[in-house]
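Here the structure is laid out as structure tokens; the discussion comes afterwards.
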Amino acid sequence: MNIVLTGKDLTLKSLIQITRGGAKVSASPEAMKDVIKSRELVEKLVADGRPMYGINTGFGKFSDVAISEDDINLLQIKLILADAAGVGDPLPTDVVRGMLAMRANSILNGFSGVRPVVVDTMLAMLNKGVHPVIPEKGSVGSSGDLCPLAHMVLPMLGLGEAEYKGTVMEGAEAMKKAGIPVIELKAKEGLALINGTQCMTSVASHALYDAQIIKKSADIIGALTAESLRGIINAYDPRIQQVRKHSGQKDVADNMLRLLEGSEYVTKQGELRMQDSYSLRCIPQIHGASRLAIDYVESVVDNEINAVTDNPLVFVDSGDVFSGGNFHGQPMAIAADTLGIALCELGDISERRVAKLIDPALNHGLPAFLVKHGGINCGFMIPQYVAAALVSENKVLAHPACVDSIPTSAGQEDHVSMGTIGARKAAQILKNVRMVLAIELMCAAQAVDLQDKRKLGKGTAAAYKVIRGTVDFMEEDRVFYKDQAAAAELIANGSLLNAVEKAVGELK
């Protein structure tokens, strides 16, 4: 598969095909013409001696310092050296690939003033698998993701480190082995490469893609739990959802009814009890609210992956070069924090369902901790501890990063977004929520097996089959962490969702 970048129509799905699916990438010839035009204008203005930020001036607080014509190219190289000061563990390979793809895509809009060879080099790195080693920490999310993007650029210059064919090596060696010539930066090119939001956007984009799987998986697992507790199906009646009008709520309720179609476990209002607890009864309202938030995040990401986010911008039609603030990460910062909060709530309600399943005072006749011989066996006692620990950690992580700002560059950059921190937090929250849902999935299947056999719903039967194909019934205590990891992987790789959608059709 080859994905053609134009700067205007990259989708989240296509991005994931590049970053995780190994799709090849090329640049639109028409977009490249715009790149050439913007570069020609930069070279003309440099020759004319027009003062332009970051081209023949210093950066940040040094923006009023003029740079001599002899040092214009050196300025760009020094910028990369100065900004490559990241710390922490390396970013995942898919995130790094996303940064390369989105930075190239942004430049292809034709407002960045760089040479085509810069784009060609990034695309070659993607296609041949040269992945810069980029520390995860060091960006404050304004003036773009300067620090991580500088690390992305280093191997392009024959510096830094990169991973190639599974081995981390010096950047120059990786480029040589892949047969990609290194480049020498010219006027504006260093700044154009690092003055953008591509790190936070890549982290957030991958978390969003995984969240789309999580949101549907939460409905599936919640339905199986409701079924195992003989839940009251009337709570999902479309008339209830219609009078409140929220689309997310309607979609979740519709999913629940489709998943539970034909179930002999579910009950009707007043049949066994009049009402269920909120963690069952309010699944449409709670899951639905998270869906509305995730939809908002998707709208921001869809825009940002095709946005021009560097500074200054080159407008060929008028011949202007303007400094602005498109590098500021606040739109992505608020979206990333929102994503983390939305995911948090899917984990919170899942843990409450786990607690209900294991508690003999709340689980409607099931054995304590879902094990036959309690006392000698602890059953699912400790997995609930794990779920509680994860949702508690998520509550800390969900504190928004975007409301914090520490001025940088001697006060010249006096408000920053902290968007990259927010995106990284959202990605960690997602991993925690996935494990909580995995624990709930195992508990729900265990609860089904501990009662008289009845017919499961059309969708929940498929979910039950998937989990039981990987995790056996717990007859007595056993080492359980591998089972939890295996259940989480069923969610992560889409096995659970795909099996269920094969049975009931695509969920909303």
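The values are calculated or read from the model by the stated rules, or taken from the named source; none is laboratory data. Please read these numbers as outputs of a predicted model, since none were measured by experiment. We place every Cβ from the backbone using ideal geometry, glycine too, and count neighbours over all the protein chains shown.
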> Would you call residue 170 assigned by TED's automatic domain parsing to the domain that holds residue 95, surrounded by fewer than 22 Cβ atoms within 10 Å (Cβ to Cβ), among the acidic types (Asp, Glu) and in contact (Cβ under 8 Å) with a residue 12 or more places away in the chain?
Replying inline: no
>> Quick test of your reading of the structure: residue 327 fulfils all but one of (1) under 21 Å from residue 112 (Cβ atoms); (2) outside any loop (DSSP other than H, G, I, E, B); (3) not hydroxyl-bearing (Ser, Thr, Tyr). Name the failing condition by number.
In response: (2)
>> Test of understanding: among 262, 270, 248, which residue is in contact with a Leu (Cβ under 6 Å, 6 or more places away or on another chain), in the same structural domain as residue 456 (by TED's automatic domain parsing) and not aromatic (Phe, Trp, Tyr)?
In response: 248
> Based on what the data block shows, is residue 28 in contact with a strand residue (DSSP E or B) (Cβ under 9 Å, 6 or more places away or on another chain), assigned by TED's automatic domain parsing to the domain that holds residue 108, under 16 Å from residue 111 (Cβ atoms) and surrounded by 13 or more Cβ atoms within 10 Å (Cβ to Cβ)?
Replying inline: yes
> Quick one: would you say residue 145 is crowded, with 24+ Cβ neighbours inside 10 Å, out of contact with any Gly (no Cβ under 6 Å at 6 or more places or on another chain) and among the charged types (D, E, K, R)?
Replying inline: yes
> So which residues in the range 81-122 are buried (at least 20 other Cβ atoms within 10 Å of the Cβ), in a helix (DSSP H, G or I) and in contact with a strand residue (DSSP E or B) (Cβ under 7 Å, 6 or more places away or on another chain)?
Replying inline: 96, 97, 101, 104, 105, 119
> Looking at (1) modelled with pLDDT of 95 or more; (2) touching a Ser or Thr at 6+ places or on another chain (Cβ under 6 Å), which is the only condition residue 57 fails?
Replying inline: (1)
>> So, in the range 308-348, exactly how many residues are in contact with a Cys (Cβ under 8 Å, 6 or more places away or on another chain) and crowded, with 24+ Cβ neighbours inside 10 Å?
In response: 3
> Out of the range 145-162, which residues are out of contact with any strand residue (DSSP E or B) (no Cβ under 9 Å at 6 or more places or on another chain) and under 16 Å from residue 95 (Cα atoms)?
Replying inline: 145, 146, 149, 150
>> Tell me yes or no: at least one residue of the range 301-321 is in contact (Cβ under 8 Å) with a residue 60 or more places away in the chain and under 19 Å from residue 392 (Cα atoms).
In response: no
>> Filter the range 167-208 down to the residues that are assigned to a loop (DSSP other than H, G, I, E, B) and more than 20 Å from residue 16 (Cα to Cα) and list them by number.
In response: 179, 180, 181, 182, 183, 184, 185, 186, 187, 188, 195
>> Checking the condition closer than 30 Å to residue 326 by Cα and surrounded by fewer than 24 Cβ atoms within 10 Å (Cβ to Cβ), which residue from 292, 272 passes?
In response: 292
> Residues of the range 380-402 being outside any helix (DSSP H, G or I) and either without any contact (Cβ under 8 Å) to a residue 60 or more places away in the chain or within 30 Å of residue 369 (Cα to Cα) (or both), which ones?
Replying inline: 380, 398, 399
> Among the candidates 48, 64, 83, 71, which residue alone is in the same structural domain as residue 188 (by TED's automatic domain parsing) and closer than 28 Å to residue 126 by Cα?
Replying inline: 83
